[in-house]
Structures are given as C-alpha cells and as structure tokens.
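Here is the structure we will look at, set down as structure tokens.
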Amino acid sequence: MNSFKKIPVKNFQRGALEVAPFLLGKLLVRKINNRFLVTRIVEVEAYLNDDPASHSFGRVTERNKAMYGAGGHFYVYFIYGNYFCVNVVTNVKDHGEGVLIRAVEPIEGMEEMRKNRNDITKDQDISNGPGKLCMALHIDKKFYGLPVNGEDLFIAYDNRTHEFETSISKRIGLSVSVETEHRYFIKGNPYVTKHKFNK
DNA sequence: CGACCGATTGACT
DNA sequence: GTCAATCGGTCGG
C-alpha cells in the first residue's frame, strides 16, 4: 500500500462535529526514511471554541493559535511534561475548533511502531491513546500548523471497504466537567481506549 | 520571573 | 483499582 489518496484540506473546513465522525476509518500515515507507517483512525474527540474544555477557549495564545488558523492543518500540543497529542484543525480561519485523534489501529509497519513504543508486548498498547499514537508515529511539534495533506504526515482515504458502527460518549480526561458527547469511536475496535464511557 | 497545572501514561496495590 | 512523574504554557505580581 503506497498509492495514497490524500484528503484535501477543504474537507476539514466545516464544523468539528461533522469532521469528527468523518475522520473515523480514515488513514493517518507517517512517512519516515521513505517508508510508510500506516494507521487507521478509530477514536476522536471534537473541541469547539465556546467549550470550556478546549484549548481554544478564552483567547488566542502562543500554544493554541494553530486552532485559529484554517481547517485542515495539524495542532500538536505537549502535555504532562511527557506527551504530544495531535489534532486536526477544523472550520475556516478564526473559528478555534479542532478534532483530537485519540486512538489509531496499526495497518502497516506495526513492528516499527512497536519499537517506537519501547517494544511493548501487547499490540493494542502500541496506539490506544493520544500520547501513545504520537510516540508510535514520531509525531512532535515539528508538525505544528502543517497541512494534513503534507509529505511526512498526512490523512488519506482507505481504499479498502470497511463496515463499522460508530458510537459516541462524553470526552475523556477533562479537568472541567462537560456533559456533551463529543467523543466518537468505532464500536468494538480493540485499539479504542478502554474506558467506562464505552458502549 | 515564579507558581500552578494539564485533552496522559505507566507503575504499582 | 490508585497515584505520581514531569515540564512547557499560561498567567499573576
């Protein structure tokens, strides 16, 4: 698999609540040393501007300014002194919205991803979490603000046909309590983060 | 410039 | 199940 159909930036310039379920089942691909690490997105969360849980809430800062750029670019942030997480910015410029990619399923290059995860033994631990998948794919701040149809990290359509059922829930790990169900995941997929919210 | 804190993870009981 | 590590971003003084 190396003829990828990258998804144009324009597809992400609509509301985060539309983009989030759209991203499920799409491919997140990382090119390293001319080889491809291919994964399938299985869990995401939408963050809006008027949302107290969103990094874009309040005002534009040095960290969140990518969320206020045009949809179709990556917003990468560093958290808990250890981890990176990656989002897709949504809507047109100045909206301050995005979709966090919370979990992916390895499709190609799984053993290389496992090495990036310190040779962890259980397959699902390679990429069942926003910090874990960034480690597995070597995603860091160098992708901050870059377009989602770029060279070394991009999102593509999956050529194969996959039936799946989408579930929703409240979001995970928030320091503020929010009742809205803005988390979307592929029901039953083993790489979805384990949580009581799962249906 | 100092203090506080987090859209997490991994180690441990 | 619980809990602490860890440090850049953010904000207050």
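Nothing in this text is a laboratory measurement; each read-out follows from the coordinates by a stated rule. Not measured: the values here are computed from a predicted model. Cβ sites come from the backbone with ideal geometry, for glycine too, and all protein chains shown count toward neighbours.
Descriptive notes on the structure:
- Alpha carbon centroid spacing (whole Å) that separates the range A:174-199 from the range A:1-52: 18
- Rounded to the nearest 20 debye, the dipole magnitude of the range A:62-175 is 500 debye, with +1 charges on Lys and Arg beta carbons, -1 on Asp and Glu beta carbons, and the Cα centre as origin.
- Max mean-square fluctuation residue, GNM over chain A, Cα-Cα springs under 10 Å, options A:Tyr80, A:Tyr47, A:Tyr144: A:Tyr80
- Dipole orientation for chain A: of the candidates A:Ser3, A:Gly129, A:Val60, A:Ser3 has the Cα lying most toward the positive pole (charges on Cβ; Lys, Arg +1; Asp, Glu -1).
- Theoretical gain in end-to-end length, A:Lys5 to A:Glu111 [0.36 nm per residue, Cα-Cα removed]: 35.8 nm
- Efficiency of FRET between A:Asn82 and A:Lys170 - r from beta-carbon atoms, R0 35 angstrom, step 0.05: 0.90
- Magnitude of the charge dipole for chain A, about its Cα centre and with charges confined to Cβ atoms of Lys, Arg (+1) and Asp, Glu (-1), is about 180 debye.
- Dipole check for the range A:4-71: with +1 at the C-beta of Lys and Arg, -1 at the C-beta of Asp and Glu, and the Cα centre as origin, the magnitude is about 580 Debye.
- Chain A shape via C-alpha gyration tensor axes, a/c threshold 1.5: rounded
- With a Förster radius of 22 Å applied to the beta-carbon distance between A:Asp50 and A:Ile120, the computed FRET efficiency rounds to 0.05.
- Whether the range A:23-106 is rounded, prolate or oblate, judged on the alpha carbon gyration tensor where a/c under 1.5 counts as rounded: prolate
- Per residue, chain A reaches -3000 deg cm²/dmol at 222 nm when only DSSP H runs of four or more residues are counted, each adding -39500 (n - 2.57).
- Potential lengthening of the chain between A:Lys196 and A:Glu18 amounts to 61.6 nm, from the contour at 0.36 nm per residue minus the alpha-carbon distance.
- Each of the peptides A:32-38, A:162-168, A:174-180 was scored by the mean count of other Cβ atoms within 10 Å over its residues; in descending order, highest first, they stand as A:32-38, A:162-168, A:174-180.
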